[in-house]
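> Please read through the structure below; I'll follow up with questions.
The values are calculated or read from the model by the stated rules, or taken from the named source; none is laboratory data. Predicted, not measured: the structure shown is a model, and the values here were computed from it. Cβ placement follows ideal geometry from the backbone for every residue including glycine, while neighbour counts extend to all protein chains displayed. For the accessible areas, the whole protein counts, side chains as well, though only heavy atoms, and no ligand, DNA or RNA atoms are used. Shrake-Rupley method; radii C 1.70, N 1.55, O 1.52, S 1.80 Å.
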Amino acid sequence: MNKTFLRQMAAWSVISMLTLAIASKSSAQSPTEVTVITSGGENVQGELVSIDDRGVSLDRGNEVVSLAAEELSQLRFDPTVLPQLPMKVQLSGGSLLSITGVVWTDQTVTVTPARQSPIELPVEELRWVRFRTGNTSTDPTWLGWVEEARRADRLAVRRNEKSLDSIDGTVIGISRESVRFEMRGNEINAPVAKLEGVLLSTQNKKTPSTPIQITDTSGSVWAAESIRFASGENDIEIQLPGSIRHDIPLNQILMLQYAGGILPLSEAEIASASFGTQSSGSTRSALSSDMEQWFSPETEEGTIRVNAPGQITFRVPEGYQKLIIAARRGNEVNQFMAVRLEVLLDGSIQWTGVLQDRQSLGLELPLANARQLSLKATPLPKPDDPKSTTNTTSANTSLGDISGTLGGTVEWFSGRLLK
């Protein structure tokens, strides 16, 4: 073997080693700077070293500090937020994901989160799929259906850009083009292009308590039982309810929120509650204090009941950023008068809707640092009703005379504040 050949082989070996070193260096995870907000409100910044069930470790340059899990409120990262995709899916464990596709075959559902690897789930872990972006006309109906209990599965059909129809039955499969649906023993293939979404039965399903929420750059919010990350790795491993594991690239993590990020609205402090209008000649002036107490808003087993006309105001604790809630008629209401619903933040109207029948309406509303949140219900008299010319009632009016101005009971349910 000549010397020239040996020199060529040695040169190729050096080049190969340099190539591997460069590739290894380029694929290594660059340091990730995070801001940790403790449960006491302290901000701690540093390079992320590890995360596990015990807590978080940060490299602060001159020392590595460890914070116990019970001390943690949030971990904030600083990635680039990416455009959200129109298709969403919610899992029974509470995760709300932005996805590129969902396929249901036999008893397995394959969900592909935006910009991440697919996940295989048992059918029981799927709560709903929304195929398209909502709007101000369709959102109240869709969100109302999401929050209410259902014994059967439901196809939500977008009749037009302003209204939705529903068909109840049993979902038996989902492909990229259609949903296989059984109704009264007949199987149909409903084109995805004509559907708003699919809502699965909520019977015997309860959302488990998950101590950690992970928000990624595509808008997905993962509800995790535990997470794990070690220095030098490129992904954070999360465990969802049902022993489902998934890896999220570290550069797609926007925020980690620890326990305490959700507050049921019915558990928030009540600032005030009233029945009747607030003008000087109001309905409330016609009622005795006992009757006013009887009709005043109340909270019971997580449901907030407001008799129309009426209003209840809650104090919003610091740090909460979003309200999710739905409203419906009380079960005892059997004669329907249209009721106008309003949600107010610090006294300013931020959302309105009208209950015409037993259909639920729902909403999601940013809180924008508001300190008070009000839920208001006001009956809307029929146009041909002679009482519709005024919204006030004389102080001398009897209870029998004011019955036409009452709108019955409105139940605000599934209300919660999110950080």
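> Please go through segment 324-343 and pick out each residue that is part of a strand (DSSP E or B) and free of Cβ contacts under 8 Å to residues at least 40 places away in the same chain.
The answer is 342, 343.
> Now for a separate question. Could you list, in sequence order, the residues of segment 259-268 that are open to solvent by 20 Å² or more (accessible area, probe 1.4 Å), on the phi < 0 side of the Ramachandran plot and not in a helix (DSSP H, G or I)?
The answer is 259, 262, 263, 264.
> If you don't mind, another one. For segment 118-131, does any single residue satisfy the condition of being open to solvent by 20 Å² or more (accessible area, probe 1.4 Å), farther than 30 Å from residue 244 by Cα and in the same structural domain as residue 96 (by the TED database)?
Checked segment 118-131: no residue is open to solvent by 20 Å² or more (accessible area, probe 1.4 Å), farther than 30 Å from residue 244 by Cα and in the same structural domain as residue 96 (by the TED database).
> Would you check which residues across segment 136-191 are of a type in the set (Gly, Ala, Ser), closer than 25 Å to residue 204 by Cα and free of Cβ contacts under 8 Å to residues at least 40 places away in the same chain and list them?
First, the residues of segment 136-191 that are of a type in the set (Gly, Ala, Ser): 137, 144, 149, 152, 156, 163, 166, 169, 173, 175, 178, 185, 190.
Filter again for closer than 25 Å to residue 204 by Cα, leaving 144, 149, 152, 156, 166, 169, 173, 185.
Correct list: 166, 169, 185.
> Take residue 297 and tell me if it is at pLDDT below 90, within 18 Å of residue 347 (Cα to Cα) and either surrounded by fewer than 16 Cβ atoms within 10 Å (Cβ to Cβ) or of a type outside the set (A, V, I, L, M) (or both).
Answer is yes for this residue.
> Please verify whether residue 226 is outside the structural domain of residue 120 (by the TED database), open to solvent by less than 60 Å² (accessible area, probe 1.4 Å), among the polar types (S, T, N, Q) and closer than 25 Å to residue 122 by Cα, treating the condition exactly as stated.
So residue 226 fits the description; yes.
> Residue 257 - would you say it is modelled with pLDDT of 95 or more and either of a type outside the set (Asp, Glu) or farther than 21 Å from residue 39 by Cβ (or both)?
No.
> Taking residue 169 as meeting all but one of (1) at pLDDT below 95; (2) of a type outside the set (Asp, Glu); (3) open to solvent by less than 20 Å² (accessible area, probe 1.4 Å), write down the number of the exception.
With (1) at pLDDT below 95; (2) of a type outside the set (Asp, Glu); (3) open to solvent by less than 20 Å² (accessible area, probe 1.4 Å) applied to residue 169, the lone miss is (1).
> If you don't mind, there's one more thing I want to ask. Going through 240, 254 one at a time, which residue ends up being touching a residue at least 40 places away in the same chain (Cβ under 8 Å) and either out of contact with any strand residue (DSSP E or B) (no Cβ under 8 Å at 6 or more places or on another chain) or surrounded by 22 or more Cβ atoms within 10 Å (Cβ to Cβ) (or both)?
Exactly one residue qualifies, and that residue is 240.
> Does segment 97-107 contain any residue that is over 20 Å from residue 245 (Cβ atoms), assigned to a strand (DSSP E or B), at pLDDT below 95 and open to solvent by 30 Å² or more (accessible area, probe 1.4 Å)?
Looking for residues that are over 20 Å from residue 245 (Cβ atoms), assigned to a strand (DSSP E or B), at pLDDT below 95 and open to solvent by 30 Å² or more (accessible area, probe 1.4 Å), one finds at least one in segment 97-107, hence yes.
> Let me ask something additional. Among the numbered criteria (1) open to solvent by 60 Å² or more (accessible area, probe 1.4 Å); (2) modelled with pLDDT of 95 or more, which one does residue 145 miss?
All conditions pass for residue 145, except number (1).
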